[in-house]
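Student: Quick one: the structure is below, questions incoming.
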Amino acid sequence: MATLQRHPDKLRNRTVLLIAGTGGIGKGVASALLGRGARIILTSTRQAKLDETISQLLQLYPEVPQTNVSGYTLDLGSTSVEDNIRTMVEKLKKDGIEKIDHLAYFAGDPLSMMQLEDITLDSWLKASQVRTISCILVVKHLVPLLRAAGPATSQCSPSVTLTSGAVGDKPIPGGWTLTAMITASLYGAARQLALDLKPLRVNVVSPGVVDTELWSGMSEEQRNGFYEETKKKMPTGRVGDVQDVAESYLWCMSDGNVTGEVVRTNSGSLLV
């Protein structure tokens, strides 16, 4: 029988790589991890975005050593994506990063809204590249660094956390076919990878509507109207907040007993 012990802070001094961690939910998770004492590595397509985000995070946490936050450019939308990933991994190793404890993937292009009759092979591939194809390639090339973190212990159990979306569970009328297919496929990928990569843990977080720049394609008036209508429907009476949703990722990293799971954080949207 287990004896009562002081509860460990399982993320303190752990190294976490956040793919596309400079915006939206990824940025929120980065902030939460720094608050828990982790070392974070961010990626972004643009160096300017990396510099801006790192500066903001260090201002929020002045007590954090600057060496605890670093960043690398990584273009996940190009045809040379696999070479781009290899180059990033080589840079990590050159900078002395021989292992990572956790990997989280947040990358995603703007949502692909189109009717079935408008879908082409090119539009399908474009919609899938960043959210699924590049996701799998990132995991493929980062597995050796995750394995290098060593075997799972009660203090740290290396993990991968993917990001999907609630439309994979509940269809929405009107042009969501591609997005529904992509998000649902990530559920299957996480479960399969959890078996294929064991004892590495693999999970996927599935957010509902969250107040992020994902909806920036709308005007402010449209966005506010969309949020208000969403709030009326949700059992929680609110849309998701990045700080709340970030906790789902931290749980996936911290709980060494969870793998192959779809972690839903959606304001109760599946109940209505």
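The values are calculated or read from the model by the stated rules, or taken from the named source; none is laboratory data. Not measured: the values here are computed from a predicted model. Cβ coordinates were reconstructed from backbone atoms using ideal geometry, including for glycine residues, and neighbour counts include every protein chain displayed.
Student: Looking for whichever is free of Cβ contacts under 8 Å to residues at least 12 places away in the same chain and farther than 16 Å from Thr161 by Cα here; the options are Arg39, Arg46, Arg6. Which one fits?
Tutor: Every option except Arg6 fails the conditions.
Student: Note down all Cβ pairs under 6 Å where the first residue falls in the stretch 224-240 and is closer than 11 Å to Gly208 by Cβ, the second is β-branched (Val, Ile, Thr) and part of a helix (DSSP H, G or I), and they're at least six residues apart or on different chains.
Tutor: Val239/Thr230
Student: Test of understanding: among Asp101, Asp95, which residue is charged (D, E, K, R), at pLDDT 95 or above and either in contact with a strand residue (DSSP E or B) (Cβ under 6 Å, 6 or more places away or on another chain) or surrounded by 14 or more Cβ atoms within 10 Å (Cβ to Cβ) (or both)?
Tutor: Asp101
Student: Follow-up question, since we're still on this one. Considering only the stretch 168-179, state which residues are of a type in the set (Gly, Ala, Ser) and surrounded by fewer than 17 Cβ atoms within 10 Å (Cβ to Cβ).
Tutor: Gly174, Gly175
Student: Given the conditions (1) hydroxyl-bearing (Ser, Thr, Tyr); (2) surrounded by 15 or more Cβ atoms within 10 Å (Cβ to Cβ); (3) farther than 25 Å from Thr265 by Cβ, which single one is not true for Thr153?
Tutor: The one condition Thr153 does not meet is (2).
Student: Go through the stretch 164-192 residue by residue and tally those that are within 26 Å of Leu145 (Cα to Cα) and touching a residue at least 60 places away in the same chain (Cβ under 8 Å).
Tutor: Within the stretch 164-192, residues that are within 26 Å of Leu145 (Cα to Cα) and touching a residue at least 60 places away in the same chain (Cβ under 8 Å) number 4.
Student: Picking from Asn266, Asn224, which residue would you name as being over 30 Å from Gly150 (Cα atoms) and surrounded by 13 or more Cβ atoms within 10 Å (Cβ to Cβ)?
Tutor: Values: Asn224 fails: surrounded by 13 or more Cβ atoms within 10 Å (Cβ to Cβ).
Of Asn266, Asn224, the one residue that is over 30 Å from Gly150 (Cα atoms) and surrounded by 13 or more Cβ atoms within 10 Å (Cβ to Cβ) is Asn266.
Student: Can you tell me how many residues in the stretch 186-200 are surrounded by fewer than 17 Cβ atoms within 10 Å (Cβ to Cβ) and more than 14 Å from Met253 (Cα to Cα)?
Tutor: Qualifying residue count, the stretch 186-200: 5.
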